[in-house]
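The values are calculated or read from the model by the stated rules, or taken from the named source; none is laboratory data. Here the structure is a predicted model, which is why all the values come from computation and not from measurement. Cβ atoms come from the backbone with ideal geometry, glycine included; neighbour counts cover every protein chain shown. Ligands, DNA and RNA are excluded from the accessible area calculation, which covers all protein heavy atoms including side chains. Shrake-Rupley method; radii C 1.70, N 1.55, O 1.52, S 1.80 Å.
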Amino acid sequence: MSVSDTVQTASMTLVAAQAAQVQSENAAIAHGLKRQNPELLDQLIELYQHRLLRYLLFLTGKREVAEDLFQETWMRVLLRGAQYNGKARFDTWLFTIARNLVIDLSRKRTMASLDEMSEGGEDERPFEIAVSAPSPLEQFQSRENCAEVGEVLLKLEPTYREVLVLRFYEELSLEEIATVTKAPLSTVKSRLYRGLAALKPQMEQLRASRPFAEAEA
């Protein structure tokens, strides 16, 4: 067996082992939620609290609203835990619950509705994103303060902002994002592409405005 074959076999074995571990963890979470295990819920909150609150902050743009929905999301996890079957990653299921709560709230208020995120309408022409090179968002994150990136993301359309957050902050796969947003995979790809394209001019505009703001200060 050649060196390349050995490396490929080892890599496939590692991927299979990681997948088996994730499936085992998902099954354990599903079992614990069905039993309404309070210790498990505490562990899940500790593990996912920062990611969940960040996701809600980007969706709503308001900390008070995000914190209220954060609490409600965990209440839903506790009450509806038996619905989680362990087939999907827990964070995918968790973000789906949170997103549905945001949509429910948007129907009651005048905030920008996320209902549009479940609908088509984007240009779904096929395209390819190079996976070997860092994405525009990753390039900005390596050069700019994370707070500035977050500021720019909040200026993007909600449909684009959500996909960028799920992909690059929460590191969900495109298929998992499609599950969370209830959108076709082609629509998710289109939103990701257009969101990245919209990010660059916003960052350039922010950079251009900073020197003037600092000079006036």
Collect the residues in the range 163-192 that are charged (D, E, K, R) and assigned to a loop (DSSP other than H, G, I, E, B), keeping them in residue-number order. GLU170, GLU171, LYS182
Being closer than 24 Å to LEU94 by Cβ and open to solvent by 40 Å² or more (accessible area, probe 1.4 Å) is the filter here; which residues of the range 175-206 pass it? GLU175, THR179, LYS182, PRO184, LEU185, LYS189
Matching residues, the range 184-208, being in contact (Cβ under 8 Å) with a residue 24 or more places away in the chain and closer than 17 Å to LEU174 by Cα: PRO184, SER186, THR187, VAL188, LYS189, SER190, ARG191, LEU192, TYR193, ARG194, GLY195, LEU196
